[in-house]
Amino acid sequence: MATFEGNFTPDISLRFAIVVGRFNDMVTLKLLAACQDCLKRHGVDVEPDSQQVDYVWVPGCYEIPLAAKHLAFSQRYDAIICLGAVIKGDTPHFDYVSAEVSKGVAAASFQSGVPVIFGVLTVDTMAQALERAGIKSNLGWGYAMNALEMATLMRQMQKISPAPVQQMIQPG
Ligand code: INI
């Protein structure tokens, strides 16, 4: 029997899309920088005119799933990385936004058969967000590693059979 696993030496035919929320961009820009640094150091061309990475900016995390779903169903990408930061304030907005982005990202991935990486920080304070976006460590790097691993894994798995893609399902 076979073992399937991804690796971190992607070939130049791999394509990625990165969806970034502008809300809390003091944090999301730092996540993006680490993500690009990781991809670049693993041989991916991350420049804006690159053939390997496309960038999509959305207003906030609530809009991430729609963009991710569109990208995933295009079947142009081996993996999509979603970057955002939801910071708990004194309003219930946090709960609505974080619930929708997590459900939506999972649905985009599952329905399309394309890896969609959940690179969204959900934290109580800006200080916690910054700790995770460069002050202590930068989770953006890890999200890029997750994308590389899943992209190369899915290339392996496609040798068994193409991924079954569901029809676009509208939320009920
Ligand atoms: N969007 C975020 O990305 N992070 C947040 O912390 C946030 N809060 O807390 O409000 C946030 N709100 C905006 C939301 O994502 C939408 O852009 C907006 O509601 C318009 O649909």
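Only Lys, Arg, Asp and Glu carry charge here, each on its Cβ (+1 for the first two, -1 for the last two); on that basis the chain has a dipole of about 220 debye about its Cα centre.
Residue pairs exceeding 23 angstrom between C-alpha atoms, taken from LYS40/LYS103; LYS30/LYS136; LYS30/LYS88; LYS69/LYS136; LYS40/LYS88: LYS40/LYS103; LYS69/LYS136; LYS40/LYS88.
Distance between the pseudo-spin-label points of ARG76 and ALA2 (7 Å out from Cα toward the beta carbon): 2.9 nm.
Readers should treat all values here as calculations from the given coordinates under stated rules, not as data from a laboratory. Just so it is clear, the model here is predicted, and its values are computed rather than measured. With ideal geometry, Cβ positions are generated from the backbone for all residues, glycine too; neighbour counts draw on all protein chains shown.
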